[in-house]
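**Student:** I have a structure I would like to understand better, so I am pasting it below and will then ask my questions one at a time.
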Amino acid sequence: LAARADGLRRRIAETLWDAGRGVFANRLWSGKFVGALSPTSFYPLLCGAASREQAAALAKLLDDPGKFGGPWLLPSVARDDPSFKDNVYWRGRIWPVLTFLVYHGLRRYGLDAEASRLAENAEALFAAEWAERRCPENYSAETGAALDQPDTDWFYAWGALMPLLAVAEITDVTPWNGWEVTHDPGRP
């Protein structure tokens, strides 16, 4: 199984890296890269398939307001994609499950500052809705609101992944680092 996993990581690194855009991307059967980018571009971090250089390139996408940056981080499609403006379900919304997986991929690669920023952003999104006792399924990437369109469930199980990232900033258990406990005196 370890050999199969290593082979799969190698194939991901070799065949899904779009050097022209500096990102992992899906491919069509023709071999051409798909133009749309989503948080799944970060998933090779989670499985350990990215090189350090690839990981650094991906981290820059979180700062790019045309991609996954902006006031609310990690929309389900890059902000410069035409479908982003739809703000419906997987077209531009921020999803807790995607945020959770990207956070752990960043942490695996030691991109702790980027992971912490993502966790703080997720905590702020959740806190604003939790003030109204909502644990939403997804959020607007422009306003941070959850119920700004009709397709969002206002109380959904994976919504709890957003505040869980704040907990992970203090204590977490991962397959690559085991149990971690941190203390940041600057954090309340």
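**Student:** For the chain, with the dipole built from +1 on Lys and Arg beta-carbon atoms and -1 on Asp and Glu ones, taken about the Cα centre, which of Pro75, Trp158, Pro39 lies farthest toward the positive end?
**Tutor:** Farthest along the dipole direction, towards plus: Pro39.
**Student:** Roughly how many Å² is the accessible area per residue of the chain, as a whole number, for a 1.4 Å probe?
**Tutor:** On the way: 9820 Å² over 188 residues.
Per-residue value: 52 Å².
**Student:** Check each of the trypsin sites (Lys or Arg not before Pro) in the range 1-76 and keep only those in coil by DSSP with at most 16 other C-beta atoms within 10 angstrom; list them in order. Intermediate values should be presented prior to the final figure.
**Tutor:** Numbers: sites: Arg4, Arg9, Arg10, Arg11, Arg21, Arg27, Lys32, Arg52, Lys60, Lys67; in loops: Arg21, Lys32, Lys67.
The qualifying sites are Arg21, Lys32.
**Student:** Short version: ³J(HN,Hα) in whole Hz for each residue of the range 84-91, in order, from phi by Karplus 6.51 cos²θ - 1.76 cosθ + 1.60 (θ = phi - 60°), x for Gly and Pro, what are they?
**Tutor:** Couplings: 4, 5, 4, 6, 10, 6, 7, 10 Hz.
**Student:** Could you run the Karplus curve 6.51 cos²θ - 1.76 cosθ + 1.60 with θ = phi - 60° over the range 150-159 and give me ³J(HN,Hα) per residue in whole Hz, x for Gly and Pro?
**Tutor:** These are the phi-based 3J(HN,Hα) values: x, 8, 9, 6, 6, 9, 9, 3, 6, x Hz.
**Student:** With θ taken as phi - 60° and the coefficients 6.51, -1.76 and 1.60, list the Karplus ³J(HN,Hα) couplings across the range 131-140 in order, rounded to whole Hz; mark glycine and proline as x.
**Tutor:** Result, rounded to whole Hz: 4, 9, 6, 10, 10, x, 6, 7, 9, 5.
**Student:** Hey, how many Å between the Cα centroid of the range 130-188 and the Cα centroid of the range 5-55?
**Tutor:** Cα centroid to Cα centroid, the span is 26 Å.
**Student:** Take the solvent-accessible surface of the protein heavy atoms, probe 1.4 Å, and return the percent of it on the chain that carbon and sulfur atoms account for.
**Tutor:** On the way: 5870 of 9820 Å².
Carbon-and-sulfur percentage of accessible area, whole number: 60.
**Student:** Just name one of Ser51, Leu1, Leu62: the one whose Cα is farthest towards the positive end of the charge dipole of the range 1-80 (beta-carbon charges, Lys/Arg +1, Asp/Glu -1).
**Tutor:** Leu1
**Student:** Please list, in chain and number order, the residues 5+ apart from Val23 or on another chain whose amide H is under 5 Å from its amide H, with Hs placed from the backbone.
**Tutor:** For Val23, whose amide H was placed from the backbone, the distant partners under 5 Å are Asp18.
**Student:** Go ahead and estimate [θ] at 222 nm for the chain from helices alone: -39,500 (n - 2.57) per DSSP H run with n ≥ 4, summed, over the residue count, rounded to 500. Please report the intermediate quantities before stating the final value.
**Tutor:** Working: 6 runs with 69 residues, N = 188.
Rounded to the nearest 500, it is -11500 deg cm²/dmol.
**Student:** List every residue whose amide H lies under 5 Å from the amide H of Gly92, counting only residues 5 or more places away in sequence or on a different chain, with H placed 1.01 Å from N in the peptide plane.
**Tutor:** Ser76, Val77
**Student:** OK, next. Subtracting the Cα-Cα distance from 0.36 nm times the residue separation, let me have the gained length for Ala145 to Glu132 in nm, one decimal.
**Tutor:** On the way: separation 13, 0.36 × 13 = 4.68 nm, distance 1.15 nm.
Result for the pair: 3.5 nm of gain on full extension.
**Student:** What is the dipole size for the chain, taken about its Cα centre, with +1 at each Lys and Arg Cβ and -1 at each Asp and Glu Cβ, in debye to the nearest 20?
**Tutor:** Working: 20 positive and 24 negative charges, 155 e Å.
Its charge dipole is roughly 740 debye.
The values are calculated or read from the model by the stated rules, or taken from the named source; none is laboratory data. This structure is a prediction, so every number in the text was calculated from the model and none was measured. Virtual Cβ from ideal backbone geometry, glycine too; neighbours counted across all protein chains shown. Accessible surface is based on the protein model in full, side chains and every heavy atom, while ligands, DNA and RNA are left aside. Shrake-Rupley method; radii C 1.70, N 1.55, O 1.52, S 1.80 Å.
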